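The values are calculated or read from the model by the stated rules, or taken from the named source; none is laboratory data. Not measured: the values here are computed from a predicted model. Methodologically, a virtual Cβ is constructed for each residue, glycine included, from the backbone with ideal geometry; neighbour enumeration extends over all protein chains shown. Just the protein is used for accessible areas: all its heavy atoms, side chains included, with ligands, DNA and RNA removed. Shrake-Rupley method; radii C 1.70, N 1.55, O 1.52, S 1.80 Å.
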Amino acid sequence: MSTAKSPETELPPPSADDPHAPRGVDRWQSAWRNVVTGNALISVLSVLLAIIAGSIMIAFTDEQVQEAAGYFFSRPSDTFEAIWNAVWGAYTALFQGAVYNFQADSFAAAIRPLTQSLNFATPLIVAGLGVGLAFRAGMFNIGGQGQMLMAAAAAGWVGFSLDSPWPIQMIIAVLAGLAAGAVWGGIVGVLKAKTGAHEVIVTIMLNYVAFYLLSYMLSTPGLLQAPGSSNPKTPPMDPGAIFPEILGPRFNLHLGFILSLAAVAFVWWLLNRSSMGFRFRAVGENPAAARVAGINVGGVYITVMAIAGALVGLAGVDQVLGTTTSGFSVGIDAGIGFDAITVALLGRSTPLGILAAGILFGAFKAGGFAMQASEGVPVEIVLVVQSLIVLFIAAPPLVRAIFRLPQPGQPTRKERKAKRARAAAGADTGTTTKGVDQ
Amino acid sequence: MTATAPAPAAAAPQEQHRVSVVSWKVPITFGVFTVLLAVIYAFAPRDGETTFRLAVGTDFFALPDLVLPAQATAWATIVVMALATGASVGMTLMRRKTPLWLVIIYTVAVLVGFLAWAAAGGTVPMVGLLGGALGLAVPIIFGALGGVIGERVGVVNIAIEGQLLAGAFSAAVVSSITGVPIAGMVAAMVAGMLVALVLSVFAITYYVNQVIVGVVLNVLVIGVTSFLFSQVLAPNTALLNSPTRFQTLPIPLLGDIPLIGPIFFRQTLVVYIMYIAVFLVWWGMFRTKWGLRLRAVGEHPQAADTVGIKVAATRYSNMLLAGAIAGIGGSFFTLVSVPAFNREMTAGAGFIALAAVIFGKWDPIRATLAALLFGFASNLQGILGVIGSPVPSQFMLMLPYLVTIFAVAGLVGRSRPPAASGIPYEKQ
């Protein structure tokens with residue numbers, strides 16, 4: 001097959017000075033370079049680094065390790081064994097709690113942790129979409145907590161007070177939740193568009209307002225408080241409003257997960273295929289240029305915040321109609337509004353990225369609780385690992401520097417050697433090295 | 001000199017053509033609040049008298065209690081507010097801006113009227129109200145000062161919350177071990193600087209989006225401190241989590257002035273450091289070479305680089321300074337207000353500080369005033385809760401945040417951050 005190499009041979013031989021020219025001999029090398037400078041490897045290494053950091057924290061605070069370290073110089077092997085037991089035990093428990101339980105007696109029981117992870121991922125995905133969508137239009141939505149609480153209040157009120165058969169009450173409850181979230185997010189957009197109020201302040205403030213508004217409603221009979229009770233808690237949801245369990249009663253995974261997937265598809269379509277999404281992105285890239293191009297920037301702020309609020313609101317609906325159906329109190333948001341920011345950042349504000357990041361964080365959450373229960377490692381270690389992952393992924397040059405990988409665009413060792421040789425030759429013939437390089 | 005001489009002459013004709021933009025936000029905000037409060041006072045009238053207690057035991061001379069009839073005072077302040085609104089409308093019609101003193105008069109009228117109405121039949125301890133407000137504001141002020149320095153030098157600092165929390169944690173641990181509160185405060189500064197260093201490395205050296213780093217650092221600090229709290233601190237409370245706290249340090253003479261003394265000069269060392277810090281940051285930022293360079297780097301790093309200012313070095317050093325200041329604010333939690341560290345004990349104070357930075361338009365003095373407003377509003381609901389007020393406590397708790405939204409939308413409006421804030425600088 002002599003034709004196979006003809007396209008390359010017919011071109012003029014690549015100049016040795018051009019670092020981007022293909023070199024037949026170095027093909028494997030350049031493929032290797034593409035792998036080690038690419039995003040996938042950086043992601044894997046970031047996770048690895050974060051897990052190592054987590055291991056160090058687990059090892060240093062473990063009681064057995066501290067005990068064994070007390071006589072480290074007489075029997076160092078004990079210390080290392082204790083470290084290994086602590087770290088390996090913690091991460092095995094994490095994996096078994098999040099993905100697959102080896103010790104279970106049936107496949108269904110063994111796979112149950114995975115469905116649990118998806119369950120935790122459900123609100124994270126939609127809330128992450130809400131934060132990420134706002135990011136794409138240049139808005140920083142820290143108001144997830146408030147939007148979730150208001151949506152939970154609306155959906156919850158419909159869920160226990162409206163007396164209708166199953167699908168109808170559930171649909172109305174979901175719509176009420178979406179509307180409440182959209183209003184709470186829309187306020188931010190309106191204030192920014194009409195008065196220029198900074199969305200960071202307004203969203204933070206609206207979080208507190210929503211929190212106290214909900215706690216007022218929860219402690220006022222006739223609003224959200226359960227009748228005949230003095231606790232600040234709602235009555236349980238009607239069966240007509242509860243999300244059905246999609247894999248049967250053995251698993252907790254509920255309809256909310258399907259809705260989350262639908263939301264991912266919707267946001268993908270919105271951002272990549274609709275003209276509205278194009279306007280969002282244009283405003284996010286450069287509001288001044290978008291205004292000059294005839295885009296109604298204020299209108300974009302209002303629309304994007306309303307949609308973002310509705311998406312985050314869906315997370316609140318998930319909590320109320322799917323996870324905590326026995327009535328909720330003021331902590332129903334469970335910090336998801338803030339977790340969503342990390343999810344959106346890890347997913348780089350793209351719908352599919354947020355889906356993956358949400359599932360990863362859901363797995364961490366499910367596994368973290370299992371780890372705390374079986375190994376006594378506080379669940380907060382999960383926060384540390386999660387935040388380190390996001391930090392490292394955001395700074396690829398740092399990860400490359402830690403693992404001594406080549407930086408993209410930097411000359412390879414071979415090229416550097418050739419350059420040095422040429423420089424030496426140039427010095428011999430009297431030309432300056434600078435002249436040769438250019 | 002010859003080159004600069006024509007400049008004033010050229011500027012003069014432009015002065016005449018200047019277009020003044022009329023903003024109706026202030027009169028509208030005034031009007032809305034006046035009508036709102038008038039409606040509340042009309043539909044929920046209050047009997048009795050309100051006593052404003054101005055004295056505490058140890059003054060030079062005791063100021064008498066101020067006793068006002070509740071409902072009449074409320075209506076009198078409504079009149080003052082209506083007059084102020086009218087004046088503001090008139091000034092706007094004459095294309096003039098509403099001056100700051102009118103805003104202050106209006107605000108005082110709102111507060112006096114509302115206090116008289118809400119505390120009818122009770123006694124308002126003014127010293128407790130204002131002194132407590134100052135106490136609640138201290139960590140927010142330190143956090144806001146750190147935020148202002150960071151943003152002025154071109155680095156958005158969302159991690160104030162993390163710096164406060166790290167400061168509170170290390171202050172508690174070091175003060176418990178050494179028994180010296182000052183050592184705890186130094187440790188808090190170091191912890192704040194550590195968070196700032198991580199933020200700077202990612203934001204300045206690796207050009208990572210500063211909002212991302214800030215948000216993630218908050219989560220990281222919450223994770224690390226909560227983890228260490230449950231693994232290390234909780235089992236060894238006596239050794240590691242029972243800090244020696246700062247004692248109140250009354251300043252002689254100044255502390256004996258009626259009303260002002262007990263509020264401002266019978267506080268702890270941290271509060272006095274706060275006074276000095278606010279002044280120094282303001283003075284340094286607008287009156288010294290350091291401040292000029294700092295602002296130049298935050299507004300136009302390329303220009304600063306061209307005249308020989310090292311952009312990255314300036315940003316690093318000022319971020320570390322800002323971290324140390326925020327760290328002191330964190331130490332206030334465990335060395336003054338609460339006797340021990342607890343999980344996530346800063347409870348969003350760093351975010352409030354961030355709001356104060358923007359509310360205060362990136363100016364140290366204004367940011368301090370904004371922080372004081374938050375402190376006052378939070379303390380007000382506490383005091384009214386004790387006196388017993390007709391408004392449900394949740395709405396009182398909501399008040400500071402609602403007022404902030406109104407203020408940001410109405411009085412502050414479009415705020416302009418330092419031009420290069422949040423943008424990494426890549427040297428060409």
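What residue, among those in segment B:217-258 that are touching a Gly at 6+ places or on another chain (Cβ under 6 Å) and of a type in the set (Val, Ile, Thr), is farthest from the other protein chains (Cβ to nearest Cβ)?
B:Thr244
Residue check: is B:Arg152 assigned by TED's automatic domain parsing to the domain that holds B:Leu37 and farther than 21 Å from B:Thr73 by Cβ?
no
Checking B:Leu373 against (1) touching a Leu at 6+ places or on another chain (Cβ under 8 Å); (2) closer than 13 Å to B:Ile140 by Cα, which test does it fail?
(1)
Taking the residues in segment A:92-113 that are free of Cβ contacts under 8 Å to residues at least 60 places away in the same chain, open to solvent by 20 Å² or more (accessible area, probe 1.4 Å) and assigned to a helix (DSSP H, G or I) as candidates, determine which candidate is farthest from A:Ala53 (Cα to Cα).
Across segment A:92-113, the extreme among qualifying residues is A:Phe107.
Quick one: in segment A:196-221, which of the residues that are part of a helix (DSSP H, G or I) and over 18 Å from A:Asn141 (Cβ atoms) is most open to solvent (accessible area, probe 1.4 Å)?
Ranking the candidates gives A:Tyr216 first.
Out of the helices (runs of 4 or more DSSP H) lying entirely within segment A:272-349, which hold 3 or more residues that are open to solvent by 50 Å² or more (accessible area, probe 1.4 Å)?
Correct list: A:275-285, A:287-292.
Residues are listed down the side, and each one gets a yes or a no for (1) more than 14 Å from chain B (Cβ to nearest Cβ); (2) open to solvent by 10 Å² or more (accessible area, probe 1.4 Å); (3) part of a helix (DSSP H, G or I); (4) basic (Lys, Arg):
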position: A:Ala90; (1), (2), (3), (4): no, no, yes, no
position: A:Phe120; (1), (2), (3), (4): yes, yes, yes, no
position: A:Leu129; (1), (2), (3), (4): yes, no, yes, no
position: A:Gly138; (1), (2), (3), (4): no, yes, no, no
position: A:Ile142; (1), (2), (3), (4): no, no, no, no
position: A:Gly156; (1), (2), (3), (4): yes, no, yes, no
position: A:Gly159; (1), (2), (3), (4): yes, no, yes, no
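Could you tell me whether any residue of segment B:57-66 is open to solvent by 10 Å² or more (accessible area, probe 1.4 Å) and under 24 Å from B:Gly385 (Cβ atoms)?
yes
Which one is nearest to B:Thr34 (Cα to Cα) among residues in segment B:368-410 that are aliphatic (A, V, I, L, M), open to solvent by 40 Å² or more (accessible area, probe 1.4 Å) and at the interface with chain A (Cβ under 10 Å from one of its Cβ atoms)?
Taking the candidates together, the pick is B:Val403.
A:Ser229 fails exactly one of the following numbered conditions: (1) out of contact with any Lys or Arg (no Cβ under 8 Å at 6 or more places or on another chain); (2) within 14 Å of chain B (Cβ to nearest Cβ). What is the number of that condition?
(2)
Yes or no: segment B:35-42 includes at least one residue that is of a type in the set (Ser, Thr, Tyr), modelled with pLDDT of 85 or more and touching a Phe, Trp or Tyr at 6+ places or on another chain (Cβ under 7 Å).
Yes, because at least one residue in segment B:35-42 is of a type in the set (Ser, Thr, Tyr), modelled with pLDDT of 85 or more and touching a Phe, Trp or Tyr at 6+ places or on another chain (Cβ under 7 Å).
Of the residues in segment B:235-259, how many are in a helix (DSSP H, G or I) and loosely packed, with under 15 Cβ neighbours inside 10 Å?
Total meeting the criteria: 6.
Filter segment B:196-207 down to the residues that are facing chain A (nearest Cβ under 7 Å) and surrounded by 24 or more Cβ atoms within 10 Å (Cβ to Cβ) and list them by number.
The answer is B:Phe202, and nothing else.
Would you tally the residues in segment A:43-81 being assigned to a helix (DSSP H, G or I), touching a residue at least 12 places away in the same chain (Cβ under 8 Å), open to solvent by less than 80 Å² (accessible area, probe 1.4 Å) and not hydrophobic (A, V, I, L, M, F, W, C)?
The total comes to 5.
Just to be sure I understand the filter: pairs with C-beta atoms under 6 Å, separated by 6 or more residues or on different chains, first member in segment A:212-229 and closer than 12 Å to B:Met398 by Cβ and of a type in the set (A, V, I, L, M, F, W, C), second member part of a helix (DSSP H, G or I) and open to solvent by less than 40 Å² (accessible area, probe 1.4 Å). Which pairs pass?
A:Leu214/A:Leu149; A:Leu214/A:Ala153; A:Leu214/A:Val330
What pairs come out if I take residues in segment B:252-280 that are acidic (Asp, Glu) and pair them with residues that are open to solvent by 30 Å² or more (accessible area, probe 1.4 Å) whose C-beta lies under 8 Å away, six or more apart or interchain?
B:Asp256/B:Thr58; B:Asp256/B:Phe60
Counting residues that are among the aliphatic types (A, V, I, L, M), crowded, with 23+ Cβ neighbours inside 10 Å and within 14 Å of chain A (Cβ to nearest Cβ), which helices (runs of 4 or more DSSP H) fully inside segment B:260-362 reach at least 1?
Here the list reads B:349-359.
Pick from segment A:26-42 the residues that are modelled with pLDDT of 70 or more and open to solvent by less than 60 Å² (accessible area, probe 1.4 Å): which of them is farthest from the other protein chains (Cβ to nearest Cβ)?
The extreme case among them is A:Leu41.
Looking only at segment A:73-87, which residues are of a type in the set (S, T, N, Q) and farther than 16 Å from A:Glu63 by Cβ?
Matches in segment A:73-87: A:Ser74, A:Ser77.
Do we find that B:Ile365 is open to solvent by 60 Å² or more (accessible area, probe 1.4 Å), in the same structural domain as B:Ala168 (by TED's automatic domain parsing) and not polar (S, T, N, Q) in this structure?
Yes: the conditions hold for B:Ile365.
For segment A:375-390, state whether one or more residues are open to solvent by less than 20 Å² (accessible area, probe 1.4 Å), more than 9 Å from every other protein chain (Cβ to nearest Cβ) and farther than 20 Å from A:Thr92 by Cβ.
No: segment A:375-390 contains no residue that is open to solvent by less than 20 Å² (accessible area, probe 1.4 Å), more than 9 Å from every other protein chain (Cβ to nearest Cβ) and farther than 20 Å from A:Thr92 by Cβ.
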